[in-house]
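Throughout, read-outs are computed from the coordinates displayed, never taken from laboratory work. Computed from a prediction, not measured in an experiment: that's the story for all the values here. We place every Cβ from the backbone using ideal geometry, glycine too, and count neighbours over all the protein chains shown.
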Amino acid sequence: MAMKNIQLNGFDWNGFYIYGIRYSDDWCHMDLLIRKSGTDNVENRRLHMEFSRINQARLNGSEFDCKILGLVVNENENNGCDVHIETDKGLLSLTCCDIMLT
Amino acid sequence: MLFINEETDKVNLYESHLISMESDSSSRVTKFLVDWCEGDPYLELICENCSDFNLEIAKSPNFENWCGQLEITGFSYLKTKEGYIVQINFDMVCIGFIQLKCSKFFINTPEDPKQEGGNSHRIIGDEKYTTEWF
């Protein structure tokens with residue numbers, strides 16, 4: 001079952017990596033492509049975000065592929081979510097309407 | 001149409017949008033998909049043997065209520081002893097850049113480019129370095 005919004009705060013991110021970012025054609029959706037440690041990219045797991053935008057992203061490392069150290073979802077005053085993802089390469093901060101792990 | 005390294009000067013990326021970025025850590029390849037302003041519909045920018053990845057993006061206060069389109073306002077590369085530094089710049093809804101080192105980069109377009117692009121020389125260390133983007 002897909003986990004959504006603040007439910008994601010309870011998810012164990014140990015061993016998960018972000019290896020890609022993909023927007024929809026109409027810019028209304030954005031996916032962070034996720035893989036589990038020790039696997040290749042074929043699992044097709046995603047953090048799917050509706051009406052998402054990057055507030056700030058600062059990643060610095062040998063490559064883009066970054067290990068998730070922590071993910072916090074806070075509901076904001078616009079009935080959306082502020083998402084903060086800490087990785088071994090840096091920080092990703094996003095705002096979206098909904099965020100879902102699929 | 002395939003354009004390798006300096007040949008990518010023939011491809012204009014200005015006002016196109018970055019749709020996706022994927023890294024394959026096993027093969028050290030990073031692939032960018034661009035919604036190409038010249039038409040039909042996407043082009044690929046592929047960098048091989050990548051290292052030293054650096055991404056810095058922030059939303060612009062001038063576009064507070066916009067979605068976060070990554071509109072490309074510059075494409076730069078710098079030849080080094082080891083290969084190339086490649087950089088994609090954003091100066092509109094999102095401000096910042098994506099930079100990485102690679103041994104080789106190439107652009108695969110679905111059709112002939114209509115207008116030339118060129119190196120926007122925004123990598124620090126480039127003797128033609130500039131901060132201008134328009």
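Ranked by how many other Cβ atoms sit within 10 Å of their own Cβ, fewest first, the residues A:Asp82, A:Asp12, A:Asp88 fall in the order A:Asp12, A:Asp88, A:Asp82.
Close amide H contacts of A:Asp98 (hydrogens built in the peptide plane, cut-off under 5 Å, sequence separation of 5 or more or a different chain): A:Glu50. Counting every C-alpha pair in segment A:3-101, the share spaced more than 18 angstrom apart comes to 42%. The fewest-to-most ranking of B:Lys128, B:Lys31, B:Lys101, B:Lys81 by surrounding Cβ atoms within 10 Å reads B:Lys81, B:Lys128, B:Lys31, B:Lys101. Each principal axis of chain B carries a Cα extent, and these read 41, 33, 32 Å when sorted largest first.
The simple spin-label model puts a point 7 Å past each Cα toward its Cβ; for A:Glu50 and B:Glu82 those points are separated by 4.4 nm. For chain B, set up a GNM with springs between Cα atoms under 10 Å and report which of B:Asn65, B:Asn89, B:Asn12 has the largest fluctuation. Among B:Asn65, B:Asn89, B:Asn12, the largest GNM mean-square fluctuation belongs to B:Asn65. Only lysine pairs 8 or more places apart or on separate chains count here, and in segment B:2-108 those with Cα atoms under 24 Å apart total 14.
Structural descriptor for chain B: relative contact order 31 percent, calculated from alpha carbon pairs under 8 angstrom and at least 6 residues apart.
Taking the empirical scaling 2.2 N^0.38 Å for compact globular proteins as reference, the protein assembly as shown has a Cα radius of gyration ratio of 1.00.
Each residue, A:Asp26 and B:Asp52, gets one label point 7 Å from its Cα in the Cβ direction; the gap between the two is 4.2 nm. Computed on segment B:58-134, the Cα convex hull volume stands at 123 Å³ per residue.
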